[in-house]
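What follows is calculated from the coordinates using simple rules that are stated; it is not laboratory data. If you're wondering where the values come from, they're calculated on a predicted model, not measured in any experiment. Here Cβ is always computed from backbone atoms with ideal geometry, including for glycine, and neighbour counts include all displayed protein chains.
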Amino acid sequence: MIVALGADHAGAELKDRLAELLRREGHELIDRGTDSSESVDYPDFAEAVAADVSAGRADRGLLVCGTGIGMAMAANKIRGVRAANVRSVEEAELSRQHNDANILCLGARFIDPQVAEDVLNAWLKTDFEGGRHVRRVEKIGKLEGPQQ
Ligand code: RB5
């Protein structure tokens, strides 16, 4: 799978740890930074990763900030993106099964790094269930309005 990654200063360390995990698992990465604890603005990184997913350059995206909240808010502004901010393996699985989430957002200040690894692994291996959820996910897409 091709996974686009991004983080702000609060999420950079966890993003780099998860990048190692993804490489070990054989995924191809598009790492959009940031790579240090120097203060940056999370929407810039959310936009870069969301654009990769929206354009099909990446199959999935991973965004890490302090809470995961700002990243999810920003990424969900981009057409075709369904970004989910989750804190547990169960939420990660449900975000795939029911919502077909294509970007995982994590809050580095609120999740244990080992749990974050478990969440990411579960999220990557869980399939969308389809069925009744297709109609609902399509309705999310319609909220984006007509393509310009
Ligand atoms: C940065 O201090 C913090 O606001 C950011 O990482 C994130 O939590 C925003 O949602």
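When residues in the stretch 96-117 are screened for being among the polar types (S, T, N, Q) and either within 14 Å of the ligand (Cβ to nearest atom) or touching a helix residue (DSSP H, G or I) at 6+ places or on another chain (Cβ under 7 Å) (or both), 2 of them pass. Applying the set (1) touching a Leu at 6+ places or on another chain (Cβ under 9 Å); (2) closer than 20 Å to A19 by Cβ; (3) more than 16 Å from the ligand (Cβ to nearest atom) to A72 leaves exactly one unmet item: (3).
The number of residues in the stretch 1-55 being crowded, with 20+ Cβ neighbours inside 10 Å and polar (S, T, N, Q) comes to 1.
Hey, any hits in the stretch 13-27 for a residue that's of a type in the set (G, A, S), outside any loop (DSSP other than H, G, I, E, B) and in contact (Cβ under 8 Å) with a residue 24 or more places away in the chain? No, that holds for no residue. The set of residues in the stretch 29-60 being out of contact with any Lys or Arg (no Cβ under 9 Å at 6 or more places or on another chain) and either closer than 25 Å to F128 by Cα or touching a residue at least 60 places away in the same chain (Cβ under 8 Å) (or both) consists of A55, G56, R57, A58, D59, R60.
From the list L63, L18, exactly one residue is within 16 Å of the ligand (Cβ to nearest atom) and in contact with a Gly (Cβ under 9 Å, 6 or more places away or on another chain). Which is it?
The match here is L63.
Here A84 clears all of (1) in contact with a His (Cβ under 8 Å, 6 or more places away or on another chain); (2) crowded, with 17+ Cβ neighbours inside 10 Å except the condition numbered (1). Would the stretch 119-129 turn up any residue that is within 11 Å of the chain's Cα centre (by Cα), within 17 Å of G6 (Cα to Cα) and part of a loop (DSSP other than H, G, I, E, B)? No, because not a single residue in the stretch 119-129 is within 11 Å of the chain's Cα centre (by Cα), within 17 Å of G6 (Cα to Cα) and part of a loop (DSSP other than H, G, I, E, B).
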